[in-house]
1. With the chain treated as a Gaussian network of Cα nodes joined by springs under 10 Å, which of GLU327, GLU302, GLU222 yields the largest mean-square fluctuation?
2. Give the aspartates and glutamates whose C-alpha is closer than 20 Å to that of LYS290, dropping any in the same chain fewer than 8 places away, or say none.
3. Would you mind listing how long the stretch 1-153 runs along its three principal axes, going by Cα atoms, in whole Å with the largest first?
4. Reported to two decimal places, what Rg/Rh ratio describes the stretch 263-312 when computed on Cα atoms with Rh from the Kirkwood expression?
5. Sum up the charges of everything whose Cβ sits under 11 Å from the Cβ of GLY194, counting Lys and Arg as +1 and Asp and Glu as -1, but leave GLY194 out.
6. Mind checking which of LEU162, LEU133, LEU114 has the largest fluctuation in a GNM of the chain, springs on alpha carbons under 10 Å?
7. Student exercise: in the stretch 1-158, how many lysine pairs 8 or more apart or on different chains have Cα atoms under 28 Å apart?
8. Expected output is a single nm value to one decimal: the length gained when fully extending between VAL300 and THR330, i.e. 0.36 nm times separation in residues minus the C-alpha distance. What is it?
Amino acid sequence: MSEQLFSIGLGVGTQNAKGEWLEVYYAQPLLNPSAALAEAVGASVNYQGGNQAISLDKGQLGTLEAALTAAGEADQAAIVNALKTSSRPLVATILATDDNPASVPEGYLKLQLLSHRLVKPHGINLNGLFGALPNVAWTNKGAIDLDELPEAQLQARLNGELLSVDCVDKFPKMTNYVVPAGVRIAHTARVRLGAYIGEGTTIMHEGFVNFNAGTDGPGMIEGRISAGVFVGSGSDLGGGSSTMGTLSGGGNIVISVGKECLLGANAGIGIPLGDRCTVESGLYITAGTKVTMLDDQNNVVETAKARDLAGKSDLLFRRNSATGAVECLTNKTAIELNQELHANN
Ligand SMILES: CC(C)(COP(=O)(O)OP(=O)(O)OC[C@H]1O[C@@H](n2cnc3c(N)ncnc32)[C@H](O)[C@@H]1OP(=O)(O)O)[C@@H](O)C(=O)NCCC(=O)NCCS
């Protein structure tokens, strides 16, 4: 096999009673695996090319482990050794190309590449992901097919137990798959698998991060990072602030936040911000918002639409408390993160 593969993941997951995948956990997903590793996995699981999720039976694991060891891939060999003890369904997911995710193992591999920080948001093709993933009940006993949930609930009660359904969603919480190094996440249910949380990021209880979105780190996140939104280093999303997503509701501008920006508490943006921008607490800037541009002496220079200011740096947006007009000034006091808050990540 000479072609460079896009990704490989050796996983253990959950299937419903019909043998359909509900989710897959990959201990160490790989991006652009070495030729030797690709050869070792491919030959051991009879990979025929393309993007495939190949169910593994235990009989194959000895061969796979030996091939990985011979290829000098001790970490992956150790994972296979651990899989040998599993009574759960196992899978080798091999992606030759970054095509649309076509199955649950493929979708979960891509989401885990993001959360393991191997690719950044927008760096991987997730088209059609919603169609590929089932809606699942995430419980204290793991993932359960929604059709099988009533029976599982009854069985739990009959055993004198409570089956706690923590969420019903296509995306589980990220931290049940990976906790990337150097982060604090106050409320783990608010970060979905497929989020990219950069080193030095603190996410407080009000913070939320969707899949294919996240932070470069360090940063303080007390607001919502919608799908597709990426926040640059040193930025602070204040309590309850909002970044507009593109998945629903008609917005189609991809939002991002540059470095050392401050979105004030309850502020929001429907345009991307450059570096060192501040949005006043409570002000929501949509793309069509008319903005009065002020000079250093607070004189009106011109009127712009917020979308014309997209991505520009060193701007301060505020709503004039006397006139109600949205104003834009040069931002002279860009923020610095409070180092003490991030020292223990
Ligand atoms: C927009 C913001 C950054 C302005 O703060 P600032 O740069 O420190 O400005 P100041 O409050 O010192 O005000 C400077 C001048 O602008 C005026 N000003 C400030 N905001 C104004 C507004 N919305 N309308 C009219 N004038 C305003 C002040 O009255 C002051 O006028 P002066 O020079 O005549 O005294 C601040 O109000 C803000 O919203 N910060 C966000 C904080 C936050 O939410 N953090 C996250 C916590 S979770």
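The values are calculated or read from the model by the stated rules, or taken from the named source; none is laboratory data. Values in this document were obtained by computation on a predicted structure and should not be read as measured data. Cβ coordinates were reconstructed from backbone atoms using ideal geometry, including for glycine residues, and neighbour counts include every protein chain displayed. SASA here: full protein model, heavy atoms, side chains in, ligands and nucleic acids out. Shrake-Rupley method; radii C 1.70, N 1.55, O 1.52, S 1.80 Å.
1. GLU302
2. Of all the aspartates and glutamates, those that pass the test against LYS290 - Cα under 20 Å, at least 8 places apart if same chain - are GLU280, GLU302, ASP308, ASP314, GLU327.
3. The principal-axis extents, from largest down, are 47, 36, 26 Å.
4. Details: Rg = 11.0 Å, Rh = 11.4 Å.
Rg/Rh: 0.96.
5. Details: positive: LYS110, LYS170, LYS173, ARG192; negative: none.
Value of the local net charge: +4.
6. LEU162
7. For the stretch 1-158, the number of qualifying lysine pairs is 11.
8. Values: separation 30, 0.36 × 30 = 10.80 nm, distance 1.27 nm.
That works out to 9.5 nm of additional length.
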